[in-house]
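Undergrad: Okay, handing you the structure first.
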Amino acid sequence: MNQSLHPNHHSPEPGFALRQTLYKGWAALAKPVYRVLPIASPEVISGNQALAEGIAELAKQGIRRPVVITDTAFVGLPVFQRLLDTMNEARLDYSVFSDIVPDPDFSIIERGIEHCRNHDFDGVIAIGGGSSIDATKVINPCARHNIDPRRVPGMLKLRKRGHYFMAIPTTAGTGSEATAAAVITDELTHQKKVVISLTVVPELAVLDPSLMMGLPPGITAATGMDALTHAMESYLSRYATPKTDALNLESMARIFDHLPRAFHDGANDEEARRQMAIASHNAGVAFTRTSVGWVHAIAHQLGAFYGVPHGLANAMVLPHVLAFYLPFAQPRMAQMARHIGLKGSTDADLALALVDAVHNLCAQLQIQPLLTMVKEEDISQITRNVINEAYRSPYPVPGYFRSYGELEAFIRGMMVAR
Ligand code: NAD
């Protein structure tokens, strides 16, 4: 473990201990609330015919004027044309809004709202990665109820439901099609804002692996590691439940078995794509209940400061945070290791093997878990942003940094090879 993490290396900082105490109180209060929050799960249609079946279901629901929401690159792909052909066959009077970019900001959301209102829409179809699905989560209710999207970030501030929402994830992934969250970039403050709302979960999730075959290896790797991060952070969350444990362990096993296959031969290996779609979805169902941890708190800053794609940022931070968790979460880490088939005679051995396995997976996927993009002059602000995000959300992490200095040292430790 990184020696600079030792708490005695840093003198106490005024205010830090108080913040941590307040956070722990807030996290304890929030725990029973998270347990009972009525977070709906979408209906799921999966398999090779899922796209056609999903459109048939939409028509059955009486939706006639949906808006299809996707990103600027996806709109040009042959799989997008497949969606349009299927909707034409179903004689839907649809319109396409394709201005979404990765990590969409509020100005794009505002344009999407205007588009939906002009089309007099009665439903939405998000197709693409987490960026398109997240954008749709905000566009849909804001367009239907004339809500200012800049006012909805935060916990349960968005309470009105949009029109019927069908999500078709084509990365595996964010699990966004199953979560009560949407992440929107504030272009004015350069911060990622999280909207948590019980009303944004789609009614229908379509998991069609045939739509994912053309996902390039780099995006396959990054988004797959995003799903693994969700499963692991959710499993290590203090809010974990037996149900989320089962979903997460199963997701981890699927990802270790199939992500390298999807990375190396994703254009042909439909079974690997199918398994990854299920793993990503189930991790989404789990983490929306348990929340996430330090990996996300740090990775979001890499996105906000340096534009690192979300999945890649998570992948680069995950093995380091797992190493940090070793003294705090050994039995749970050993349990994860056992479930993915690692060998070790003690919990300590198994937990260490887990950290190594994640490093090895990164290597197989050609991801270097090294934060070379971080600038020394940004570290202090990044550190404060990390604490703000983790302590306000709250993220029910299994282990704590004892000072800003310790967290700063941890971030510096990720900038150099181990
Ligand atoms: P993305 O949606 O930004 O898409 C990345 C790229 O992949 C795009 O260029 C897109 O066109 C391309 N792409 C998608 N599917 C493809 C396919 N089948 N074939 C070829 N290209 C394809 O990436 P993402 O990682 O899925 O989503 C990231 C966003 O999701 C971030 O904004 C992140 O904050 C958010 N997120 C949300 C949640 C949540 O619970 N709401 C969870 C995690 C991440």
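Undergrad: Can you figure out the FRET efficiency of Thr241 with Leu326, using R₀ = 22 Å and their beta-carbon distance, to the nearest 0.05?
TA: FRET efficiency, Thr241 to Leu326: 0.40.
Undergrad: Right, next: Could you check which residue among Pro169, Pro78, Pro369 shows the biggest mean-square fluctuation in a GNM of the chain with a 10 Å Cα cutoff?
TA: Fluctuation is largest for Pro78.
Undergrad: On to the next question. Determine, for Thr229, Thr372, the number of other Cβ atoms within 10 Å of each Cβ, and report the residues in order from fewest to most.
TA: Exposure proxy ranking, most exposed first: Thr372, Thr229.
Undergrad: Using a cut-off of 29 Å between alpha-carbon atoms, which lysines can reach Lys24, once sequence neighbours fewer than 8 places away in the same chain are excluded?
TA: Filter leaves Lys157, Lys192, Lys193, Lys243.
Undergrad: Here's another thing I want to ask about it. Using Cβ contacts closer than 10 Å as the measure, can you line up Phe97, Phe74 from fewest to most?
TA: So the ranking, lowest neighbour count to highest, is Phe74, Phe97.
Undergrad: For the chain, give the magnitude of the charge dipole about the Cα centre (Cβ charges: +1 Lys/Arg, -1 Asp/Glu; no others), in debye to the nearest 20.
TA: Taking the Cα centre of the chain as origin, the dipole is about 1280 debye.
Undergrad: What does the charge count around Asp208 come to, taking other residues whose C-beta lies under 11 Å from its C-beta (Lys +1, Arg +1, Asp -1, Glu -1)?
TA: With Lys, Arg at +1 and Asp, Glu at -1, the neighbours total +1.
Undergrad: Quick one: if you take sqrt(5λ) for each eigenvalue of the C-alpha gyration tensor of the chain, what semi-axes come out, biggest first, whole angstrom?
TA: 35, 24, 19
Undergrad: Can you list which of the DSSP-assigned H helices in the chain have a Cα extent of 24 Å or more along the long axis and an average Kyte-Doolittle score of at least 0.5?
TA: Membrane-span-like by this rule: 347-364.
Undergrad: Could you list Ser280, Ser237 so that the one with the fewest beta carbons within 10 Å of its beta carbon is first and the one with the most is last?
TA: Ser237, Ser280
Undergrad: Between Ala351, Ala27, Ala56, find the one with the highest GNM mean-square fluctuation for the chain; connect C-alpha pairs within less than 10 Å.
TA: The residue that fluctuates most here is Ala56.
Undergrad: Out of Glu203, Glu89, Glu177, any idea which swings most in a Gaussian network model of the chain, alpha carbons joined below 10 Å?
TA: The residue with the greatest mean-square fluctuation here is Glu89.
Undergrad: Report the net charge of residues surrounding His163, where surrounding means a beta-carbon distance below 9 angstrom and charges are Lys +1, Arg +1, Asp -1, Glu -1.
TA: That works out to +1.
Any read-out appearing in this document is the output of simple, stated calculations on the displayed coordinates, not a laboratory observation. Keep in mind that what you see is a predicted model, and the values were worked out from it rather than measured. So basically every Cβ, Gly included, is an ideal-geometry build from the backbone, and we count neighbours across all protein chains shown.
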